Structure formats: C-alpha cells, structure tokens
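Quick notes on the structure that follows.
Derivation of every value follows stated rules applied to the coordinates shown; laboratory data play no part. Every value quoted in this text rests on a predicted model; they were computed, and no experiment measured them. Quick reminder, even Gly has a Cβ in these numbers, built from the backbone with ideal geometry, and neighbours come from all protein chains shown.
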Amino acid sequence: MKVNFKTAWKAYLILLTILSVGFWAYMIYDDWTFVEKYGISFEGIWYWFLWYLGYCFIAFTIYYWAIATAGILIYRKLIKGDK
C-alpha cells in the first residue's frame, strides 16, 4: 500500500501545481478590469490568497485524499484481495 500512496502523492503534487497555476492565472485574468480601474493593494492580494487557500488548496486536498484513499483501499482490499 505504501507504493500506492507514494504514487498518489506524486500525482497530488502535479495536480496541485497545475491547479494552482491555473487558478492564479484565471484570478488575475478575471479581476484585471478591477486592477486597472482601482489598482491593487495588499488587501486585494490577501483576499486572492484566501480564495486560493479556501477553494484551491484546502478543498482540493480534502477531496483528492478522500477519493485517493478510498480508491486505494477498495483496490487493495476488494479487488486485489490483500490481507
């Protein structure tokens, strides 16, 4: 099972990196009109970070590991039949 979790960890890091880059690119693209109109402040960047932390990092981490753990356990215990 250790090998399966190592593979899941590598996939998690790759997916989190892709999701993070995509999230920040979209966040800047989506709010660019506000940046041009009102400027950017530390408070605005802080809100962007909180959105990233809440929706991208924490939510993705919880869902990914719940699904990955269930998948690994189902595969190892039911399909492969390890004891």
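Structure notes:
- Structure-derived P(r) over Cα pairs in 10 Å bins from 0, in percent - corresponding label in (i) 15, 35, 23, 15, 9, 3, 0; (ii) 15, 36, 11, 12, 15, 9, 2; (iii) 18, 53, 26, 3, 0: (i)
- The string of couplings for the range 59-69 from the Karplus curve (6.51, -1.76, 1.60, θ = phi - 60°) is 5, 4, 4, 5, 5, 4, 6, 5, 5, 5, 5 Hz, one whole number per residue in order, with x for Gly and Pro.
- Label-to-label distance, nm, for residues given as Val35 and Lys80 (7 Å Cα→Cβ offset): 4.5
- Karplus (6.51, -1.76, 1.60) ³J(HN,Hα), θ = phi - 60°, over the range 16-26, in Hz, Gly and Pro reported as x: 5, 5, 4, 5, 5, 4, x, 5, 5, 5, 5
- Sequence-distant lysines (8 or more away, or on other chains) whose Cα lies within less than 17 Å of Lys37: none
- Residue-averaged 222 nm ellipticity for the chain, from DSSP H runs of 4+ at -39500 (n - 2.57), nearest 500: -26000 deg cm²/dmol
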